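Data block below; observations after.
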Amino acid sequence: MNPSQTPPALKKFYTLYLEAGKKNGFSPEKMNSVFAYFCKLAAEHAQNPLHFQPFHKAIRAPFDYYEFGHDFVRPLLDFSKSSLTGEDTLRAIEKTLATKENVILLYNHQTEIDPQIISLFLEKKYPQLASEMIFVAGHRVVQDPLATPLSLGRNLFCIYSKKYIDHPSEKKAEKIQHNRRTLSIMEEMLSEGGKCICIAPSGGRDRMDESGKILPSAFDPDSIEMLYLIAKKSGTACHFYPLSLYTYPLLPPPQVINVELGEERSTSFSPAHIAFGAEIDMEKITQGITDKQAKRKLRAENIWQQVVTAYKHFPSS
């Protein structure tokens, strides 16, 4: 594929993608092949959008979208300078899931490709965990044609974020009904046990501040409380863990939050850093607090602070 043949919105992304792969030792032929197929899938979705159900199960056949996501993201990741911490936690998570209890990971979200980056870190030692994780996905993840080719390969609970539920206003009731259905399915699946759900309680991606710093966005107390209540209602034990990510340079979000789809993409060859923290005692955090709103706020701030503390130890943050 020649850059001049790509649509205008993809030209910059295409050029940067090839540059990143070259730095990682990938041949232009390999990079062209993967990017061309990515464009083909994006064009197909733009012409015939797939309607994602409240729960989307990763499509592994006849085409394996999960592995395609790895193929697309792998050239961007500088593993030689990356880090993974918290293997004790990962082993505990595997044991928990094997006993049919549930795990919920509360993480800061930085790029559209966070699920693929996490899986690439885990695929050798924890392949089952990597492939079976379920991510809570906002509407951009399942509606933007440039996101869909990678979304098709992930297990997703599809939900409308509070930031976008009023846009457009005539769709608000439909979106609320969709969210209720998603949460109902989530409770059913947690009741079955053995599920690992990943959710970003900030409701969006981290962005650079005025000083050029990138820190995890604050967690929404209501999102964490909703998940906590659903987990308890399911009747199956659920364990909560903090997860800190530094993935920003691989596919940074635009500085301005756009309601409409179609944001421009850029990318670079970069390390990433991931830290799985110790299990969160959800009740101990709010011990002695009786006011419901105060409990929600304190719990969210405490968990967010745990994520930030680990994040600040990353060499690139």
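Table: residues versus (1) free of Cβ contacts under 8 Å to residues at least 40 places away in the same chain; (2) under 16 Å from the mean Cα position of the chain (by Cα); (3) outside any loop (DSSP other than H, G, I, E, B); (4) surrounded by 14 or more Cβ atoms within 10 Å (Cβ to Cβ).
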| residue | (1), (2), (3), (4) |
| --- | --- |
| S202 | no, yes, no, yes |
| E225 | no, no, yes, yes |
| I230 | no, no, yes, yes |
| G235 | no, no, no, no |
| P254 | yes, no, no, no |
| A300 | no, no, yes, yes |
| A310 | no, no, yes, yes |
Can you say whether A137 is surrounded by 22 or more Cβ atoms within 10 Å (Cβ to Cβ), among the hydrophobic types (A, V, I, L, M, F, W, C), under 30 Å from M282 (Cβ atoms) and in contact with a helix residue (DSSP H, G or I) (Cβ under 7 Å, 6 or more places away or on another chain), as far as the supplied structure shows?
yes
Among the residues in region 183-192, are any at pLDDT 95 or above, under 25 Å from F55 (Cα atoms) and buried (at least 20 other Cβ atoms within 10 Å of the Cβ)?
yes
State whether the residues of region 161-172 include one that is under 18 Å from Y248 (Cβ atoms), in contact (Cβ under 8 Å) with a residue 40 or more places away in the chain and under 15 Å from the mean Cα position of the chain (by Cα).
no
Being more than 28 Å from W304 (Cβ to Cβ) and among the hydroxyl-bearing types (S, T, Y) is the filter here; which residues of region 148-190 pass it?
T148, S169
Could you grab me the full set of residues in region 101-144 that are assigned to a helix (DSSP H, G or I), farther than 25 Å from A46 by Cα and either without any contact (Cβ under 8 Å) to a residue 40 or more places away in the chain or out of contact with any strand residue (DSSP E or B) (no Cβ under 9 Å at 6 or more places or on another chain) (or both)?
S119, L122, P127, Q128, A130
Select from region 169-200 the residues that are of a type in the set (A, V, I, L, M, F, W, C) and in a helix (DSSP H, G or I) and list them in ascending order.
A173, I176, L183, I185, M186, M189, L190
Would you check which residues across region 204-223 are of a type in the set (A, V, I, L, M) and either touching a Lys or Arg at 6+ places or on another chain (Cβ under 8 Å) or in a helix (DSSP H, G or I) (or both) and list them?
I214
Residues (touching a Leu at 6+ places or on another chain (Cβ under 8 Å), among the small types (G, A, S) and at pLDDT below 95) located in region 11-70
A42
Quickly run through region 281-298 and pick out the residues that are surrounded by fewer than 19 Cβ atoms within 10 Å (Cβ to Cβ) and either in contact with a Pro (Cβ under 7 Å, 6 or more places away or on another chain) or closer than 26 Å to M208 by Cβ (or both).
K297
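The values are calculated or read from the model by the stated rules, or taken from the named source; none is laboratory data. This one's a predicted model, so the numbers in the text were calculated from it and none came from an experiment. Ideal geometry is used to build each Cβ from the backbone, glycine not excepted, and the neighbour counts take in all protein chains shown.
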